[in-house]
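In what follows, a single structure is set out as structure tokens and then discussed.
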Amino acid sequence: MARDTIARAEQADARQYAGAELEEARAQLVMAEKAVAEESMTKADQLAKQASVAARLAMARTEAAKAAEINREMGRGADALDVEMGRQGEHK
């Protein structure tokens, strides 16, 4: 489950937008795998859950960053349209 969540975060470009959270998820997963090898299943389960939470946070931050980029682009487009409309109005 944690591995799948991390993979989804990577596919969502979390490396670019939420690298720290993605790295935290990976680190938690590595520790969970080590705990499994040591047969410490309770600890492994806890670490795997923490890895999933960190990966979901990475996805959420990525989505928020992408939305902010879109909003900035739309704002620039609206500003450009306002300028062009002003030019058109000056020529009439």
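The values are calculated or read from the model by the stated rules, or taken from the named source; none is laboratory data. As the structure is a computational prediction, the values presented were derived from the model and not from experiment. Glycine also receives a Cβ, built like all others from the backbone with ideal geometry; neighbour counts cover every protein chain displayed. Areas reflect the complete protein model, heavy atoms only, side chains present, ligands, DNA and RNA absent. Shrake-Rupley method; radii C 1.70, N 1.55, O 1.52, S 1.80 Å.
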TODO: Based on the mean of other Cβ atoms within 10 Å per residue, sort peptides 59-69, 32-42 so the most packed one is first.
DONE: 59-69, 32-42
TODO: Would you compute, from DSSP H runs of 4+ residues alone, the mean residue ellipticity of the chain at 222 nm, taking -39500 (n - 2.57) per run and dividing by the full residue count, rounded to the nearest 500?
DONE: -31000 deg cm²/dmol
Open item on the list: Output the 0 to 90 degree angle, nearest 10, between the alpha-carbon long axis of helix 41-90 and the longest principal axis computed from the alpha carbons of the chain.
Closed with: 0 degrees
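Below 8 Å, C-alpha to C-alpha, sequence gap of six or more: please give me the relative contact order for the chain in percent.
35 percent
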TODO: Using the Karplus curve 6.51 cos²θ - 1.76 cosθ + 1.60 with θ = phi - 60°, work out ³J(HN,Hα) for each residue of region 10-16 in order, rounded to whole Hz, and write x for Gly and Pro.
DONE: 5, 5, 7, 6, 4, 4, 6
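Can you tell me the length gained on complete extension of the stretch Arg8 to Glu84, counting 0.36 nm per residue apart and subtracting the Cα distance?
Full extension of this stretch gives 23.2 nm more.
Give me D for the chain in µm² s⁻¹, whole number, from Stokes-Einstein with Rh from the Kirkwood sum over alpha-carbon pairs, 37 °C and 0.692 mPa s.
Value of D from the Cα-based Kirkwood radius: 215 µm²/s.
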TODO: Could you state the accessible area per residue of the chain in Å², with a 1.4 Å probe and every protein chain left in place?
DONE: 71 Å²
- [ ] Return the distance in nm (one decimal) between the two label points of a simple spin-label model at Glu39 and Glu73, each offset 7 Å from Cα along Cα→Cβ.
- [x] 5.4 nm
TODO: Pop out the carbon and sulfur fraction of the accessible area of the chain as a percent, whole number, probe 1.4 Å.
DONE: 55 percent
Open item on the list: Can you compute the charge dipole magnitude of the chain about its Cα centre, using +1 on each Lys and Arg Cβ and -1 on each Asp and Glu Cβ, nothing else charged? Give it in debye, rounded to the nearest 20.
Closed with: 60 debye
Task: Degrees separating the helix 19-37 axis from the principal Cα axis of the chain, which is the longest one - done: 10 degrees
